[in-house]
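The structure appears right after this line, and notes come after that.
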Amino acid sequence: MSAGTYYLGVNSFADDTPYNLSILATPTAPTERFNSLFGYGLVDAAAAVAAATGKQLLDAADPLTSAANLNNIGELNLLNVAPAWKAGYTGKGVVVAVLDSGVDLGHPDLRNNIWRNPKEIPGDGIDNDGNQKTDDVNGWDFVDNDANPSPNLRDSEQNHGTDVAGIIGAKRNGIDINSPNNTLEMNGVAYDAQIMPVRVAGFGGRSQPDNVAAGIRYAVDNGANVINMSFGGQFASPEEREALKYAKEKGVFVVMAAGNDRDKLNPSEPNFPAFYAFDNLGIAVGAVTTPGKQVTTFSNPAGPIPTNFVVAPGHEGISTVPIKPGKGTYDIFSGTSMAAPYVAGVVALMLQANPKLTPDEILKILTETAKPEGITPAVS
Ligand SMILES: [Ca+2]
Ligand SMILES: [Ca+2]
Ligand SMILES: [Ca+2]
Ligand SMILES: [Ca+2]
């Protein structure tokens, strides 16, 4: 049987002889390349983009140097993005929805990459495009049910969505991260992609399954090509799973954080919704350190059964956070929440290179081009 979730129904039919019923599920032998901790390994942006185009155009694989003036150069080089950028793939024309705690629409490193609903007139109180959302010019807030998907400063995880958005698509614009005396900037993996902010997590950082399902459907119906979901927990959600199926049917690829519970709960698999990677409904992403490629102590493992699981940088990386008006701000975070958007950014590069890729083709390329070499378990 192929990997997936199965349901068995047993009903009494006739007779009254007592008996015991046993059901046994034995995983088939893992493929040699698959590791139960880090799955297929570290995502390789250049190899993934090359596979997306079907051409060997990325042989000039020089890593970024200090001349690029990038603060997040370590993460970008770990992902091998330089050859993809050099070949002209920067996410242009690709829309990546960030289902999260909201995105700072005015951050100087993000504001020119925020998605704009072309069919909606702002502030006229009319749902011009008839999508049941009034004045949704930059996405939607499913927590407060309003047209402003900015973070709420009451939220305990107010930084989260803006950080995720920056990893995907902070602009290549020369904006200094520290002061006018310093020329280091941070750039997203897909620095010309558009970010569609969809707020699904509110006060306390919790995302509600019905908000998530509605957020997925909104993103799909309004032009997203990729959806990033950097959240999760222990409980399955049929609504989320149905929405993920809808995304796949409509050709939208979903990237999900594996979870940060390994050093607390010792899970054997990714959290939900990343667990649905088992059903080929997206990819689960664990976190490694930069530059050491150690699997972080918190990162949920891939599990013993081969599934769509890769790793990306998710340890003490810099990105954008909400600002005081007119002032760009950055901070450093760790988590599989940070690893997932690196992969979402790579998918944006792939889709610019080949917009016709289906979700199944993207899964195949990401897992086949990921590199297990040099990844080590963290010693905690
Ligand atoms: Ca509308
Ligand atoms: Ca309107
Ligand atoms: Ca709002
Ligand atoms: Ca920048």
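The values are calculated or read from the model by the stated rules, or taken from the named source; none is laboratory data. Predicted model only: the values in this text are computed from it and were never measured. As a convention, Cβ positions derive from the backbone with ideal geometry for all residues, glycine included, and neighbour counts pool all protein chains shown.
Remarks
- Near pairs, Cβ below 6 angstrom, 6+ apart or cross-chain, from region 290-314 (within 20 Å of Leu76 (Cβ to Cβ)) to any residue that is of a type in the set (Ser, Thr, Tyr) and assigned to a loop (DSSP other than H, G, I, E, B): Val310/Tyr40; Pro313/Thr290
- Of the set (1) of a type outside the set (Phe, Trp, Tyr); (2) within 16 Å of ligand 3 (Cβ to nearest atom); (3) at pLDDT 95 or above, all apply to Asn152 but (3).
- Across region 96-124, the qualifying residues are those that are of a type in the set (S, T, N, Q) and in a loop (DSSP other than H, G, I, E, B), and the one among them that is farthest from ligand 1 (Cβ to nearest atom) is Ser101.
- Put simply, of Gly74, Gly93 the only residue that is in contact with a Pro (Cβ under 8 Å, 6 or more places away or on another chain), of a type outside the set (Ser, Thr, Tyr) and not in a loop (DSSP other than H, G, I, E, B) is Gly74.
- Within region 124-147, the set of residues being touching an Asp or Glu at 6+ places or on another chain (Cβ under 6 Å) and more than 19 Å from Val96 (Cβ to Cβ) comprises Asn128, Asp129, Thr134, Ala147.
- Looking only at residues in region 143-190 that are of a type in the set (Asp, Glu) and closer than 17 Å to Ile318 by Cβ, the one that is farthest from ligand 1 (Cβ to nearest atom) is Asp176.
- Pair list, Cβ < 6 Å and 6+ apart or interchain, from region 349-361 residues that are free of Cβ contacts under 8 Å to residues at least 12 places away in the same chain and over 12 Å from Val252 (Cβ atoms) to residues that are crowded, with 22+ Cβ neighbours inside 10 Å and of a type in the set (Asp, Glu): none
- Any hit, region 128-142, residues being within 24 Å of Gly202 (Cα to Cα), charged (D, E, K, R), more than 16 Å from ligand 1 (Cβ to nearest atom) and part of a loop (DSSP other than H, G, I, E, B): no
- Residue within region 20-30 that is within 16 Å of ligand 3 (Cβ to nearest atom), farther than 30 Å from Thr183 by Cβ, of a type in the set (Gly, Ala, Ser) and without any contact (Cβ under 8 Å) to a residue 40 or more places away in the chain present: no
- Ile73 meets all of the listed conditions (1) within 16 Å of ligand 4 (Cβ to nearest atom); (2) farther than 30 Å from Asp62 by Cα; (3) without any contact (Cβ under 8 Å) to a residue 24 or more places away in the chain but one, namely (2).
- Val137 of a type in the set (A, V, I, L, M) and within 16 Å of ligand 2 (Cβ to nearest atom): yes
- Residue in region 163-183 that is touching a residue at least 60 places away in the same chain (Cβ under 8 Å), more than 13 Å from ligand 4 (Cβ to nearest atom) and within 25 Å of Gly223 (Cα to Cα) present: yes
- Of the residues making up region 140-162, those that are β-branched (Val, Ile, Thr) and either without any contact (Cβ under 8 Å) to a residue 12 or more places away in the chain or surrounded by fewer than 24 Cβ atoms within 10 Å (Cβ to Cβ) (or both) number 1.
- Tallying residues that are more than 21 Å from Val220 (Cβ to Cβ) and within 16 Å of ligand 4 (Cβ to nearest atom) within region 106-146 yields 7.
- Just one residue in the set Ala277, Ala340, Ala247, Ala302 is closer than 30 Å to Pro108 by Cα and small (Gly, Ala, Ser); that residue is Ala340.
- Subset of region 116-134 [within 19 Å of Asn211 (Cβ to Cβ) and surrounded by 14 or more Cβ atoms within 10 Å (Cβ to Cβ)]: Asn131, Lys133, Thr134
- Output for region 270-291, where each listed residue is surrounded by fewer than 24 Cβ atoms within 10 Å (Cβ to Cβ), farther than 16 Å from Ser237 by Cα and in contact with a strand residue (DSSP E or B) (Cβ under 8 Å, 6 or more places away or on another chain): Thr289, Thr290
Residue-by-condition table, conditions (1) assigned to a strand (DSSP E or B); (2) at pLDDT below 95; (3) out of contact with any Pro (no Cβ under 7 Å at 6 or more places or on another chain); (4) not acidic (Asp, Glu):
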| residue | (1), (2), (3), (4) |
| --- | --- |
| Asn181 | no, yes, yes, yes |
| Gly188 | no, no, yes, yes |
| Asp192 | no, no, yes, no |
| Ala213 | no, no, yes, yes |
| Val220 | no, no, yes, yes |
| Ala224 | no, no, yes, yes |
| Glu242 | no, no, yes, no |
| Lys248 | no, no, no, yes |
| Gly251 | no, no, no, yes |
